[in-house]
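First up is the structure itself, then whatever we jot down about it.
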Amino acid sequence: MENWNLIIDSVLKKYSVDSSNLIPLLQDIQNEFGYISLPVVERIADYLKITENKIYGVASFFSQFRFTPRGRHSISACLGTACHVCGGEILLETLERELEVKPGECTADMRFDLNRVACLGCCALAPVLKVDGDIYGNVTVIKLKEILAKYE
Amino acid sequence: MNNFEEFVTKSKKEWDDLLKSDIPLIYLGTASCGIAAGAEDVKESILTTIEKNSISARLVEVGCIGTCYLEPLMDVSAFGNPRISYGNVSSMQAEKILKKYLLEQDCLPKTALGHFGEDSFDGIPNFFDHPMLKPQVRIVLKNCGFIDPTNINHYLARNGYQGLRKALQLSPEEVIEEVADSGLRGRGGAGFPTAKKWRICREAPDETKYIICNADEGDPGAYMNRLLIESDPHAVLEGMLIAAYAIGASKGFIYIRAEYPLAIQRLRNAINQMETKELIGENILGSDFSFNIHIKEGAGAFVCGEETALIHSIEGERGMPQTRPPFPAVSGLNGKPTVINNVETLGTIPHIIRNGSEWYRQYGVDGNYGTKTFSLVGKIRRTGLIEVPLGTPLRKIIYDIGGGTLKTFKAVQTGGPSGGCIPEELLDTPVTYEDLAAIGSIMGSGGLIVMDSDTCVVDLARYFLDFIQKESCGKCTPCRVGTRHMVEVLEKICKGLIDAKALGELESLALMVKSTSLCGLGQTAPNPVLTTLRYFRPEYVQHVVNMYCPALVCRGLIEYSVTPEKCTGCQRCVSVCPTGAITGPRSEPHNLDVSKCIKCRACYEICRFDAIAGNAIVIRSREEA
């Protein structure tokens, strides 16, 4: 817990007390912890002198922010137009079924969290899947298992 | 100014030395798309091959030339020969090419895609004669794939920052005049004259003004801005400086999607390099002009492409649009006059200032001058990023540049979720802001998604509406509730749960949302539905009357089955089926129980691609059963 407070302090220190810093601050916090937790929101509210409600309002507006912990690996299924046309929706459904999670959730063993993204900008390789920093193009339902097996 | 001359001279020398290099140069495209296609593995292979064989050569990482379907792309320049390009290079091929070429001087002409020399060469065509590149006019993309985007000297050597230098010798009004004469219109999609926006902002009485570069490329299926920033970040930054000088801003923001980490990294690197060359900060190039740039990472909201929403997001608020006027050019960020320009608009500016408005006007057609970049994706042979003069017919883009579709062409979607679905009979429409609007679509930021007979337009309309519905900020009722209602109707159509009356209801909902929404997101959201109803009505009718999806996409209207004559009984499908719907002993035709089947496609794929399977699983209309 002490360590946790130190990390938050070190992040907060980088920003002046100005509510226009809220979004970069939340991004920074999420980079550190993987998600935005309630205690963190309390600390930020205290620091920027704004209400917790306001922070939740902003954070929940943008798709980047999550309120649950991440797994060891993050899967992003791209559902951009090109990926949709090339079968992205079936891939996402298969992932939901195999991992038994919904987008935004994390598997019980914390191995994977699953996310749906609007476009990864690799449309020429549709359908596209991103696991951590690795991008996989032209993914098919049967290739999925092979891909997931690479991550423990 | 003298220091700048020196920087340029040094940069030119560095560039010339590189081109005349005694040792072979290996160029590798490492923009996001190249990396996704496997460029990192190829890079490793190049480095090991060089080391293992004691080849003296140098690797230069460049951006993307736009022929995405050929990624990873590797070029080799050696022995005084022109630079030769190889496509779809795997690690093994890279090793083979390098060994053959650099050790035995055999450049494998049959494997090569093309060369970049002036004259003809050894049975290898010129790269720019490639059918995908020949019809293009590359102004904005000029440097993409040629320079190292992390090295400002490469940019300087190729006339970089000469536009800024020229602009600083003119008065801000003269700069605006030059841009006005060029006829440049906003490349973000709406096509508002850039100079007009600048002039309004310049003439606003406030002392403090801002320029914002909108790099929040949220249109799913489009990546023009990502590619430009990753491949030539300084072009955008130079344009931003010129714009700032013209409107009188001393502070600028780049609002860029957090989903583009490489682009953000390249921008940060580029801004750091500008500092070393006195191109940013106080008294730029010895003039009175001072300017600083801040990067703001967008947190993911499609509506933030709308100017007022984007401003709210920078201010740390929910990204909700507000009524206009006042327009941001009069009262924007923190209530100050603010110009928001798209990445491509800014990337075009240096070229216009450097070469003059008359030069720019030679491209394009009346009222639509210059070029536009498009990401050509979907069911098309040659996918990639292209740049063509405005006024180019869609047919030319899809067939000459894109090589057409594998199956029968059905439609092309321009403008993403705010655009329309254009059928075959309108493919001769020239790509201009007005012509596309006249057929119910929009220019948009540049996504061109091609669909063939395997795409269901009803499903596509449902997809776009679902996207918009999720991205609606919720401020005004027509958009928040109207789009939800439209999605529900479309979902029912796709599942065969509604009759023909639904089409009229859908149409009136669409018109209501279009005419009563506050911002561009809601006003354009119904376009995909309206255009598909207009051009593909029979396909809707087939869904609601015959419960038939001709593209065999809508899963409520299709089912999977096994063709017994083709089934080899290999049991591969049995092993991949997640619900146990397929059964049958080995070597005998299998049985597929439709009541258990969840239509996940796994059996279909394995039966098609596995060597011992017989391609026996078919998708058919439920009605045929």
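The values are calculated or read from the model by the stated rules, or taken from the named source; none is laboratory data. The model shown is predicted, which means the values in this text are computed figures rather than measured ones. Every residue, glycine among them, receives a Cβ derived from its backbone with ideal geometry; neighbour counts consider all protein chains shown.
Listing for the model above:
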quantity: Among residues of region A:93-124, those that are among the hydrophobic types (A, V, I, L, M, F, W, C) and under 18 Å from residue B:605 (Cα atoms), counted; calculated: 1
quantity: Search result, residues across region B:144-162 that are surrounded by 23 or more Cβ atoms within 10 Å (Cβ to Cβ) and either in contact with a Lys or Arg (Cβ under 9 Å, 6 or more places away or on another chain) or of a type in the set (A, V, I, L, M) (or both); calculated: B:144, B:147, B:149, B:152, B:156, B:161
quantity: Cross-chain or 6+ apart pairs with Cβ under 9 Å, region B:415-434 first and away from every other protein chain (no Cβ under 12 Å), then acidic (Asp, Glu) and not in a loop (DSSP other than H, G, I, E, B); calculated: B:429/B:435
quantity: Whichever residue in region B:463-522 is within 14 Å of another protein chain (Cβ to nearest Cβ) and out of contact with any helix residue (DSSP H, G or I) (no Cβ under 8 Å at 6 or more places or on another chain) and, among such residues, is surrounded by the most Cβ atoms within 10 Å (Cβ to Cβ); calculated: B:475
quantity: Cross-chain or 6+ apart pairs with Cβ under 7 Å, region B:532-551 first and without any contact (Cβ under 8 Å) to a residue 40 or more places away in the chain, then part of a loop (DSSP other than H, G, I, E, B); calculated: B:542/B:548; B:542/B:550
quantity: Inter-residue pairs, beta-carbon under 7 Å, first facing chain B (nearest Cβ under 7 Å) and in region A:85-97, second part of a loop (DSSP other than H, G, I, E, B) and surrounded by fewer than 20 Cβ atoms within 10 Å (Cβ to Cβ), 6+ apart; calculated: A:97/B:578
quantity: Checking residue B:235 against (1) modelled with pLDDT of 95 or more; (2) in a loop (DSSP other than H, G, I, E, B); (3) hydrophobic (A, V, I, L, M, F, W, C), the condition it does not meet; calculated: (2)
quantity: Only listed residue being closer than 26 Å to residue B:464 by Cα and either away from chain A (no Cβ under 12 Å) or among the polar types (S, T, N, Q) (or both), chosen from B:259, B:217, B:278, B:307; calculated: B:307
quantity: Criterion: outside the structural domain of residue B:588 (by TED's automatic domain parsing), of a type outside the set (Gly, Ala, Ser) and in a loop (DSSP other than H, G, I, E, B) - qualifying residue of B:528, B:538, B:564, B:550; calculated: B:550
quantity: Selection status of residue B:314, assigned by TED's automatic domain parsing to the domain that holds residue B:222, aliphatic (A, V, I, L, M) and more than 30 Å from residue A:118 (Cα to Cα); calculated: no
quantity: Those residues of region B:492-541 which are touching a Cys at 6+ places or on another chain (Cβ under 7 Å), closer than 19 Å to residue B:470 by Cβ and not aliphatic (A, V, I, L, M), in sequence order; calculated: B:494, B:517, B:522, B:528
quantity: Lone qualifier among A:19, A:63, A:74 - being under 16 Å from the mean Cα position of the chain (by Cα), within 11 Å of another protein chain (Cβ to nearest Cβ) and of a type in the set (Ser, Thr, Tyr); calculated: A:63
quantity: From B:305, B:300, B:281, residue being at positive phi, assigned by TED's automatic domain parsing to the domain that holds residue B:211, in contact with a strand residue (DSSP E or B) (Cβ under 8 Å, 6 or more places away or on another chain) and at pLDDT below 95; calculated: B:300
quantity: Residue match in region B:222-232 (condition: more than 14 Å from chain A (Cβ to nearest Cβ) and either outside any loop (DSSP other than H, G, I, E, B) or of a type in the set (Lys, Arg) (or both)); calculated: no
quantity: Residue list for region B:253-304, filter: basic (Lys, Arg) and farther than 20 Å from residue B:339 by Cα; calculated: B:266, B:268, B:277
quantity: Identity of the residue in region A:124-146, out of contact with any strand residue (DSSP E or B) (no Cβ under 8 Å at 6 or more places or on another chain) and part of a loop (DSSP other than H, G, I, E, B), that ends up nearest to residue A:72 (Cα to Cα); calculated: A:133
quantity: Selection within region B:310-329 - of a type outside the set (Gly, Ala, Ser), more than 15 Å from residue B:520 (Cα to Cα), part of a loop (DSSP other than H, G, I, E, B) and within 11 Å of chain A (Cβ to nearest Cβ); calculated: B:315, B:317, B:318
